[in-house]
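The values are calculated or read from the model by the stated rules, or taken from the named source; none is laboratory data. These numbers were taken from a predicted model, which means no experiment stands behind them. For neighbour counting, all protein chains shown are included, and Cβ atoms are generated from backbone atoms with ideal geometry for every residue, glycine included.
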Amino acid sequence: MPHKATARYKARIDGAGRALIPVGIRKRLGMKPGDMVTITEGPSGRILLKPALAALREAQNYFRNIAPASVLWSRDPLQGEQREMSRR
């Protein structure tokens, strides 16, 4: 889902390849030191940076919309792995 930019910021890339995410953005997205992010190269050289939790929620919503309400896909594979590990 496209996101319309509400503000534009500039950042400088340091010698280690890092750029600072402005504090206003970090606060709005609830990002804290140590949080994981996903980085996606988009069209026209754009870089999309998302908190990993937001990417996980998008995936959950996607699968929630295509799965029947009676099916819980995440439980069965995990239970199968747990059973197999307990047999070892």
Starting from region 45-66, keep only residues that are closer than 24 Å to R8 by Cβ and at pLDDT 80 or above, then list their pairs with residues that are part of a helix (DSSP H, G or I) and of a type in the set (A, V, I, L, M, F, W, C) whose Cβ atoms are within a distance under 8 Å, requiring at least 6 positions of separation or different chains. P51/L29
Out of (1) at pLDDT below 90; (2) surrounded by 10 or more Cβ atoms within 10 Å (Cβ to Cβ), the odd one out for R18 is which? (1)
